[in-house]
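As structure tokens, the structure follows; a few thoughts come after it.
The values are calculated or read from the model by the stated rules, or taken from the named source; none is laboratory data. Computed from a predicted model, the values in this text were never measured in an experiment. With ideal geometry, Cβ positions are generated from the backbone for all residues, glycine too; neighbour counts draw on all protein chains shown.
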Amino acid sequence: MEILALSASPRIGANSDLLLEGAIESAREAGASVRKFRVSDLNIKPCRGCLRCNVLGRCAIKGDDWAEFSKQFMDADAVLIAAPVYFWYVPGTLKVLIDRFRSLIVVTMGAEHITCTPRQWRPKNFGFILTQGEPTGDDFAPALDMLRTFAEKMSLGGHVVGEVVAKGPAMKSQVAMNPAQLAELFSKVGLPTNAEFVDSQYERYQGYYAAARALGRNLASG
Ligand SMILES: Cc1cc2nc3c(=O)[nH]c(=O)nc-3n(C[C@H](O)[C@H](O)[C@H](O)COP(=O)(O)O)c2cc1C
């Protein structure tokens with residue numbers, strides 16, 4: 001079981017990346033091999049919309065990491081994507097990467113609908129981890145919608161194994177803080193610092209870790 005893990009936050013100590021690490025650790029414990037990429041480490045040029053991929057059977061853009069990354073994607077049995085919510089969506093860098101997948105699908109025009117068929121790769125399961133600063137609302141929804149559709153088009157019969165949405169951790173590494181660290185952070189940003197509130201947030205974040213670990217395990221077991 002080869003899992004490709006993609007971390008889409010640009011910052012070090014990202015909450016989404018920390019939860020992704022939890023998922024990766026449990027996937028490895030369950031026997032999977034995991035290869036992780038940080039989107040911000042990849043050199044990926046934006047799709048030009050030239051549609052030459054229709055003729056070439058590959059992307060026409062050269063001189064970036066797409067060819068190597070897409071090979072890793074095609075060879076993987078499962079894909080795990082972790083991203084922060086930016087303006088109710090995924091960060092632009094991840095969307096730039098996703099647009100390049102156009103070169104991996106055959107698009108057939110129809111009067112009523114366009115049909116998208118992946119060129120050739122093994123079926124894959126998907127898992128998603130999203131983090132948002134908003135503590136209760138559903139800012140993540142448009143991003144998750146897009147990722148689900150991406151998986152539906154790219155999975156070739158695989159499915160979405162699990163989704164973890166962490167609401168509330170806005171500051172760097174917040175999801176990994178212990179109650180004392182949370183109390184200190186909350187005092188700086190104007191949130192309540194009483195033990196009841198702090199402990200409730202701590203428990204909530206630990207729940208996100210547990211969910212991420214379960215997602216890693218489930219992906220590893222196919
Ligand atoms: C450019 C930008 C846009 C953001 N937009 C939203 C948003 O629409 N909704 C929200 O709840 N949080 C938003 N946030 C907060 C992040 O989602 C939040 O800090 C998240 O934990 C970041 O994840 P990370 O730690 O993995 O980078 C935004 C943050 C940035 C930097």
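Data table
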{"quantity": "Every residue from the range 86-118 that is assigned to a helix (DSSP H, G or I) and aliphatic (A, V, I, L, M)", "calculated": "Leu94, Val96, Leu97, Ile98, Leu104"}
{"quantity": "Qualifying residue in the range 30-37 (condition: surrounded by fewer than 15 Cβ atoms within 10 Å (Cβ to Cβ), of a type in the set (S, T, N, Q) and more than 16 Å from the ligand (Cβ to nearest atom))", "calculated": "yes"}
{"quantity": "Tabulated pairs, the range 1-18, first under 16 Å from Arg213 (Cβ atoms) and within 6 Å of the ligand (Cβ to nearest atom), second outside any strand (DSSP E or B) and of a type in the set (Val, Ile, Thr), C-beta under 8 angstrom, 6+ apart or interchain", "calculated": "Asn15/Val175"}
{"quantity": "Positions within the range 49-85 being within 16 Å of the ligand (Cβ to nearest atom) and of a type in the set (A, V, I, L, M), in sequence order", "calculated": "Leu80, Ile81, Ala82, Ala83, Val85"}
{"quantity": "Residue pairs meeting the criteria (Cβ under 7 Å; at least 6 apart or on separate chains; first farther than 25 Å from Ala23 by Cβ, in the range 186-210; second among the small types (Gly, Ala, Ser) and in a helix (DSSP H, G or I))", "calculated": "Thr193/Ala183; Thr193/Ser187; Val198/Ala183"}
{"quantity": "Residues within the range 119-164 that are part of a strand (DSSP E or B) and in contact with a Ser or Thr (Cβ under 8 Å, 6 or more places away or on another chain), tallied", "calculated": "5"}
{"quantity": "Qualifying residue in the range 112-134 (condition: small (Gly, Ala, Ser), under 30 Å from Ala170 (Cβ atoms), buried (at least 18 other Cβ atoms within 10 Å of the Cβ) and touching a residue at least 24 places away in the same chain (Cβ under 8 Å))", "calculated": "yes"}
{"quantity": "Set Ala23, Ala27: member being part of a helix (DSSP H, G or I), within 16 Å of the ligand (Cβ to nearest atom) and not aromatic (Phe, Trp, Tyr)", "calculated": "Ala23"}
{"quantity": "Residue match in the range 151-161 (condition: within 16 Å of the ligand (Cβ to nearest atom) and modelled with pLDDT of 95 or more)", "calculated": "no"}
{"quantity": "Residue list for the range 47-85, filter: in a helix (DSSP H, G or I), surrounded by 15 or more Cβ atoms within 10 Å (Cβ to Cβ) and among the hydrophobic types (A, V, I, L, M, F, W, C)", "calculated": "Cys53, Trp66, Phe69, Phe73, Met74"}
{"quantity": "Any hit, the range 141-149, residues being free of Cβ contacts under 8 Å to residues at least 24 places away in the same chain, away from the ligand (no atom under 16 Å from the Cβ), closer than 18 Å to Ser16 by Cβ and out of contact with any helix residue (DSSP H, G or I) (no Cβ under 6 Å at 6 or more places or on another chain)", "calculated": "yes"}
{"quantity": "Of residues in the range 154-166 being within 17 Å of Cys116 (Cα to Cα) and surrounded by 14 or more Cβ atoms within 10 Å (Cβ to Cβ), the one farthest from the chain's Cα centre (by Cα)", "calculated": "Gly158"}
{"quantity": "Positions within the range 86-95 being surrounded by fewer than 24 Cβ atoms within 10 Å (Cβ to Cβ) and either over 15 Å from Ala166 (Cα atoms) or within 7 Å of the ligand (Cβ to nearest atom) (or both), in sequence order", "calculated": "Tyr86, Phe87, Trp88, Pro91, Gly92, Thr93, Lys95"}
{"quantity": "Residues being touching a helix residue (DSSP H, G or I) at 6+ places or on another chain (Cβ under 6 Å) and either more than 8 Å from the ligand (Cβ to nearest atom) or assigned to a strand (DSSP E or B) (or both) - total across the range 165-183", "calculated": "5"}
